[in-house]
Amino acid sequence: MGEVAERRWLLIGGISIVAAVLTGLLALILAVTLYTSSLIMPVYPKFLPVKLTFPCINVGYSLFWQYISELGMGPTAPIFNTGMIIAGLLALPFFTVARKVLGGSVAATVGWISGLIGVLCLVGVGLFPMTPAFFMMNPHELVSIGFFSGMSISAASIGYSMTRNPLFSKVHGWLGLTVTATGIVLGVVGTPLPEWVAAIAIIIWFLTVGLWMLAKAFRMS
């Protein structure tokens, strides 16, 4: 790959993932802010045979007992769900670019496929929010698991490939494994706080990789 083409791919990939992460992060921040300032909060008791939400007096948002997806209900739904859809779509080019830049190795290919699955599931999180609209057929839980699983595997696979590529720092590889570790903890524990930790790890890793790609591209100019 020539330097001009390499610079172009780095720019596309960097812009794609940075824009996606910032969009998702902004949606999270705005949704949490609006949630905490609302008088009413939606409660979604999962143990009921029919999926229903009930309005209750808002007591604030807690990372310890409220899942991220709860932001997709009630007054925060338009911000959160739209943000997840846009973020997922913006991230799509990054994984194809990453595979191309990293030489199409087996690890990079695994990261490409799992990453695409992950961001498409993120779009699904926005399209199929945690609401009673779909009753027992709501695929929200499936796409939510798909997002965290896909992004965790992708971070480890792409990170491993980066340790073998002079364009990237070996630190990216180790940090990618950290993202995977948080995803495994989330899968085992399954409570809100590990979900938030896993989400923050994903945000930090992909944002730093995107910024690194942009910095490399600008140095080539």
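The values are calculated or read from the model by the stated rules, or taken from the named source; none is laboratory data. Predicted model, so just to flag it, every value in this text is computed and none were measured. Using ideal geometry, Cβ is built from the backbone for each residue, glycine included, and neighbour counts are taken over all protein chains shown. Surface accessibility is based on the protein's heavy atoms, side chains included, excluding ligands, DNA and RNA. Shrake-Rupley method; radii C 1.70, N 1.55, O 1.52, S 1.80 Å.
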| remark: Here the stretch 9-14 yields Karplus 3J(HN,Hα) values (6.51, -1.76, 1.60; θ = phi - 60°; whole Hz; Gly and Pro given as x) of 5, 5, 5, 4, x, x
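Under 15 Å from the Cβ of Leu28, count the other residues' Cβ atoms, weight Lys and Arg +1, Asp and Glu -1, and hand me the total.
Result for the local shell: -2.
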| query | Under the classification rounded if a/c is under 1.5, otherwise prolate if a/b is larger than b/c and oblate if not, where does the stretch 115-216 fall, given a ≥ b ≥ c as square roots of the Cα gyration tensor eigenvalues? | reply | prolate
| task | Report in % the part of the accessible area of the chain that belongs to carbon and sulfur, leaving out ligands and nucleic acids; probe 1.4 Å. | result | 77 percent
| query | How far is helix 170-189 tilted, in degrees, relative to the longest principal axis of the Cα atoms in the chain, given as a value from 0 to 90 rounded to the nearest 10? | reply | 20 degrees
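Please get the size of the charge dipole for the chain, origin at its Cα centre, with Cβ charges of +1 on Lys and Arg and -1 on Asp and Glu, quoted in debye to the nearest 20.
Charge dipole of the chain: 520 debye, to the nearest 20.
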| query | Sorted from largest down, what three extents in whole angstroms do the Cα atoms of the chain have along their principal axes? | reply | 59, 31, 27
| note | Probe 1.4 Å, heavy atoms of protein chains only: per residue, the accessible area of the stretch 66-124 in Å² is 35 Å²
| remark: The distance between the Cα centres of the stretch 125-174 and the stretch 178-214, in whole Å, is 9 Å
| query | Among Glu141, Glu70, Glu195, whose mean-square fluctuation peaks in a Gaussian network model of the chain (Cα, cutoff 10 Å)? | reply | Glu141
| message | For the chain, take the longest principal axis of its alpha carbons; what is the angle in degrees between that and the long axis of helix 192-219, to the nearest 10 within 0 to 90? | response | 30 degrees
| In deg cm²/dmol and to the nearest 500, what is the mean residue ellipticity at 222 nm of the chain if only DSSP H runs of at least 4 residues count, each as -39500 (n - 2.57), divided by the residue total? | -24500 deg cm²/dmol
